[in-house]
Amino acid sequence: MEIFIQNLFNALQWGSFYALIALGYTLVYGVLLLINFAHGDIFMVGAYIAFFVSSLLLGDLMGVFNLPGWAALALTVPLTMLLTAGVGVTLERIAYRPLRRKGAHRLYVVITALMCGLILENGNLALLGASRRKLPDMVDKVVYTFGSVSVTNLKVWVIITAFLVFFLLQFIVTRTRIGMAMRAVAWDKFALPLMGIPLDSIIVFTFVLGSGFAGLAGLLFAMSYPILDPYMGAMVGWKAFIAAVVGGIGDIRGAFIGGFLLAFIEIMVAAFLPSTFRDLFAFTILLMILWQRPTGLFGVAKTTKI
């Protein structure tokens with residue numbers, strides 16, 4: 001039982017990473033019916049932004065500031081989310097909006113998203129090199145031990161942050177005027193301008209939310225596993241996308257639960273079976289779920305008017 005509880009905490013931590021990234025996928029898809037395949041690489045960019053911001057504030061970079069760790073962390077979180085949101089909005093403005101205004105087929109937009117991800121990866125590689133980087137320590141690591149179960153303070157923060165983000169996003173989408181406008185875009189984006197609602201502003205806000213959460217996930221991931229490389233967002237991003245699909249892409253609750261479901265399967269398989277079976281068993285089980293529910297656990301089949 002203690003082994004199960006220990007692995008449950010590990011699954012909750014990894015599920016928090018998947019869930020934060022999956023929320024960005026499902027937000028953009030729910031509003032635009034666009035699968036933003038560059039989202040995993042925005043997560044990577046967020047981790048690198050966190051590295052440079054924290055290094056600057058701690059005095060490791062340029063020696064301009066020399067803040068204590070808690071103050072550097074308090075500033076790194078909002079700055080990382082803001083700058084990463086700027087990257088996401090830039091992609092929307094440069095890559096996606098021109099195609100949307102020209103009425104391009106959705107397939108071309110998906111291919112564009114894949115190319116944007118490759119540009120972010122290889123641009124990072126060209127500018128910063130292939131050497132891995134380590135995020136500086138901003139907080140002291142504290143280990144809480146309950147019997148043979150050990151949990152760090154950072155692991156607890158990651159899990160709590162993921163749930164707070166989920167409740168905040170649920171509140172924004174369901175209880176605010178801009179959330180109502182986002183749902184209206186998903187329902188009928190052509191009628192929205194006739195109601196005086198600026199379509200482009202709503203789409204930009206959607207990318208701000210999704211990319212900001214990806215940046216937060218990148219910061220938390222870099223604090224937990226502080227080795228950064230340009231391709232760190234590829235596999236994590238794909239797994240988060242699969243989690244969003246299994247949960248029901250376009251549904252916030254489904255993306256959140258799908259992230260934890262995928263992490264739970266992965267961690268439990270790696271705990272009781274050889275770790276090489278982890279992805280095999282995880283994706284097989286998720287595929288079986290999609291066989292039974294093609295729209296995902298919380299997804300709803302949609303009809304298209306002709």
> Restricting the search to segment 290-301, which residues are within 24 Å of the chain's Cα centre (by Cα), surrounded by fewer than 17 Cβ atoms within 10 Å (Cβ to Cβ) and of a type in the set (A, V, I, L, M, F, W, C)?
Replying inline: Leu290, Val300
>> Being open to solvent by less than 40 Å² (accessible area, probe 1.4 Å), modelled with pLDDT of 90 or more, aliphatic (A, V, I, L, M) and part of a helix (DSSP H, G or I): is that true of Leu154 here?
In response: yes
> Restricted to segment 56-97, and to residues that are open to solvent by 10 Å² or more (accessible area, probe 1.4 Å) and polar (S, T, N, Q), which residue is nearest to Gly123 (Cα to Cα)?
Replying inline: Thr90
>> Please count how many residues of segment 247-273 are over 20 Å from Leu8 (Cβ atoms) and not small (Gly, Ala, Ser).
In response: 4
>> Need the failing condition index for Leu12 against (1) within 24 Å of Val246 (Cα to Cα); (2) outside any helix (DSSP H, G or I); (3) open to solvent by 10 Å² or more (accessible area, probe 1.4 Å), just the number.
In response: (2)
> Just a yes or no: is a residue in segment 34-45 closer than 30 Å to His105 by Cα and open to solvent by 30 Å² or more (accessible area, probe 1.4 Å)?
Replying inline: yes
> From the list Ile119, Ile111, which residue is open to solvent by 30 Å² or more (accessible area, probe 1.4 Å) and over 21 Å from Ile249 (Cα atoms)?
Replying inline: Ile119
> Does Pro274 count as over 15 Å from the mean Cα position of the chain (by Cα) and closer than 29 Å to Val89 by Cβ?
Replying inline: no
>> Residues that are on the phi > 0 side of the Ramachandran plot and either touching a Lys or Arg at 6+ places or on another chain (Cβ under 9 Å) or open to solvent by 40 Å² or more (accessible area, probe 1.4 Å) (or both): list the helices (runs of 4 or more DSSP H) wholly contained in segment 167-281 that include at least 2 such residues.
In response: none
> Which one is surrounded by the most Cβ atoms within 10 Å (Cβ to Cβ) among residues in segment 127-150 that are touching a residue at least 60 places away in the same chain (Cβ under 8 Å) and over 30 Å from Asn66 (Cα atoms)?
Replying inline: Val149
> Which pairs have Cβ atoms under 6 Å, sit 6 or more apart or on different chains, and link a residue in segment 254-283 that is within 19 Å of Gln6 (Cβ to Cβ) to one that is open to solvent by 10 Å² or more (accessible area, probe 1.4 Å) and among the aromatic types (Phe, Trp, Tyr)?
Replying inline: Ala263/Trp14; Val269/Phe277; Val269/Phe281
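The values are calculated or read from the model by the stated rules, or taken from the named source; none is laboratory data. Quick caveat, the model's predicted, so the values are computed rather than measured. Neighbour counts run over all protein chains shown; Cβ positions are idealised from the backbone, glycine included. Note: accessible area is taken over every heavy atom of the protein model, side chains too, but ligands, DNA and RNA are not part of it. Shrake-Rupley method; radii C 1.70, N 1.55, O 1.52, S 1.80 Å.
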